[in-house]
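To keep things clear, I will list the structure first and then write my remarks on it.
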Amino acid sequence: MEYKFRAWSIGKQDWVYFGITNVPEWVHEAEVEQYIGLHDKNGKEIYLGDTVKTGWQGEVKGYVVFEGYSYLVKDSNNKNLYFNHPERYEVIGNIHNKEEST
């Protein structure tokens, strides 16, 4: 797995993406989110803190967390959903910006 991260830049008002070898100096003051090594149904990289939805088994929305030894999606009822089929999920925002689209 490739180790990739992102942090919100207040100055740029956008995400700054970086790897282990090119960490910005200001990042220690930001909340850093790690790429989980999976892509959604549109090919978009999935990061911790992303808000995702799936139409599989009815529409479910939740956010990506790392718990125990696994990446999971927590729904609004705090129920764990597993990434058995990441191609069924779509990134729609993140816990900081809320939904980008529906």
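Every number here is computed from the coordinates shown, using simple stated rules; none is lab data. Quick caveat, the model's predicted, so the values are computed rather than measured. Note that each Cβ is placed from the backbone with ideal geometry, even for glycine, and that neighbours are counted across all protein chains shown.
Quick notes on this one:
- Amide H contacts of K4 (H built 1.01 Å from N, under 5 Å, at least 5 apart or other chain): Y35
- Computed packing ranks the peptides 86-95, 34-43 as 86-95, 34-43, most packed first, by mean other Cβ atoms within 10 Å.
- ³J(HN,Hα) computed for each position of the range 79-91 - Karplus, 6.51 cos²θ - 1.76 cosθ + 1.60, integer Hz, glycine/proline x: 7, 7, 10, 9, 7, 5, 9, x, 5, 8, 9, 10, 6
- Stretch gain in nm, segment D75-E25, where the contour uses 0.36 nm per residue and the Cα spacing is subtracted: 14.6 nm
- Size of the chain: Rg and Dmax of its alpha carbons, in Å, are 13.8, 44.
- Taking a sphere under 14 Å around the Cβ of L38 and counting the other residues whose Cβ falls inside, with K and R at +1 and D and E at -1, yields a net charge of -3.
- Whichever lysines have a C-alpha closer than 28 Å to that of K74, once near sequence neighbours (fewer than 8 apart) are set aside: K4, K41, K44, K53, K61, K98
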